[in-house]
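Asks: Attaching a single structure in structure tokens format; questions to follow.
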Amino acid sequence: MKQKNWAALAVRIVLLLAGLTIAHLGVALFLRSDLGSDPFNVLVQGLYRVLPWPGWMTHGRVHLLVCLLIVLVLLGIARSYVRVGTLLCMALGGPIIDVWNAVLAAALPPDMTGIGWRVLELVLGCIILAFGMTLVICSEAGTGPNDLVAVVLSDRTRKPFGPVRVAVDAGFAALGWVLGGVVGVGTLVCAGLVGPCAQVCMPVSRRICDACLKGVKGLRT
């Protein structure tokens, strides 16, 4: 039974890593569009721009530090919510963004900066982010630190998750904007498009996860 449980956990972690990689491709496309990022990365972008970081710091590394701070706070007030997948999201999210930024910069022509291309990057970023996010959720290996903020607040206040998530995202975006992050049409598109896209992607991601886990018995916890 223990071997089966370890096998199930290994499959879930692989699914989480795949979802995380896909989701952060969406984030990298957001950043390239420069039309406004998703709310959490608006906060990260603002902190990256306003604070006197050393030269070796990147957006991805600031992302890692902010996630680490969130996890430390959650360990103090809501330890049960922090799982192995949360730590993986915290440790790997920022570096994955940096890798995607480098890949996209090398792969795409430098003159693709027109508004039409930037809007395409924005919309594709929303769709890709939504799919990756649902794959992470359906892996059931843990949730990223920024997503856990809304989960914990919803549970503690007994309020529906949807409105709490909107409020948390609004708080991230507002603070990031004050600090110098880019809040624009992209931030609004993210708020209006990612949710519906995630709703469409959720059953697809569930089927993918179920198919990957089908060969491992004793999965339910």
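Asks: With the structure loaded, tell me whether Leu35 is more than 12 Å from the chain's Cα centre (by Cα), surrounded by fewer than 23 Cβ atoms within 10 Å (Cβ to Cβ), more than 19 Å from Leu175 (Cβ to Cβ) and at pLDDT 85 or above or whether it fails that test. Lay out the reasoning, then the answer.
Replies: On the way: more than 12 Å from the chain's Cα centre (by Cα): yes; surrounded by fewer than 23 Cβ atoms within 10 Å (Cβ to Cβ): yes; more than 19 Å from Leu175 (Cβ to Cβ): yes; at pLDDT 85 or above: yes.
When the stated conditions are applied, Leu35 passes them.
Asks: From the set of residues in the stretch 196-221 that are at pLDDT 90 or above and open to solvent by less than 30 Å² (accessible area, probe 1.4 Å), which is farthest from Ala10 (Cα to Cα)?
Replies: The qualifying residue farthest from Ala10 (Cα to Cα) is Ser205.
Asks: Next question. Given the condition acidic (Asp, Glu) and either within 17 Å of the chain's Cα centre (by Cα) or in a helix (DSSP H, G or I) (or both), answer yes or no: does some residue in the stretch 103-120 qualify? Please lay out each step first, then the result.
Replies: Initially, the stretch 103-120 is screened for residues acidic (Asp, Glu), giving 111.
Then drop every residue that is not either within 17 Å of the chain's Cα centre (by Cα) or in a helix (DSSP H, G or I) (or both), which leaves none.
Checked against the condition, which is being acidic (Asp, Glu) and either within 17 Å of the chain's Cα centre (by Cα) or in a helix (DSSP H, G or I) (or both), the stretch 103-120 yields no hits at all.
Asks: Still on this structure: Ile208 versus (1) assigned to a helix (DSSP H, G or I); (2) among the β-branched types (Val, Ile, Thr); (3) under 26 Å from Val71 (Cα atoms): which is the lone unmet condition?
Replies: Every condition holds for Ile208 apart from (3).
Asks: Then there is this: Among the residues of the stretch 146-167, how many are of a type in the set (D, E, K, R), out of contact with any Phe, Trp or Tyr (no Cβ under 9 Å at 6 or more places or on another chain) and open to solvent by 70 Å² or more (accessible area, probe 1.4 Å)?
Replies: Of the residues in the stretch 146-167, 3 are of a type in the set (D, E, K, R), out of contact with any Phe, Trp or Tyr (no Cβ under 9 Å at 6 or more places or on another chain) and open to solvent by 70 Å² or more (accessible area, probe 1.4 Å).
Asks: Then there is this: Suppose we filter the stretch 60-88 for residues that are modelled with pLDDT under 85 and in contact with a Leu (Cβ under 7 Å, 6 or more places away or on another chain); how many remain?
Replies: 1
The values are calculated or read from the model by the stated rules, or taken from the named source; none is laboratory data. On a predicted model such as this, the values are computed, not experimentally measured, just so you know. Cβ atoms come from the backbone with ideal geometry, glycine included; neighbour counts cover every protein chain shown. Keep in mind that these areas ignore ligands, DNA and RNA; they rest on the heavy atoms of the full protein, side chains included. Shrake-Rupley method; radii C 1.70, N 1.55, O 1.52, S 1.80 Å.
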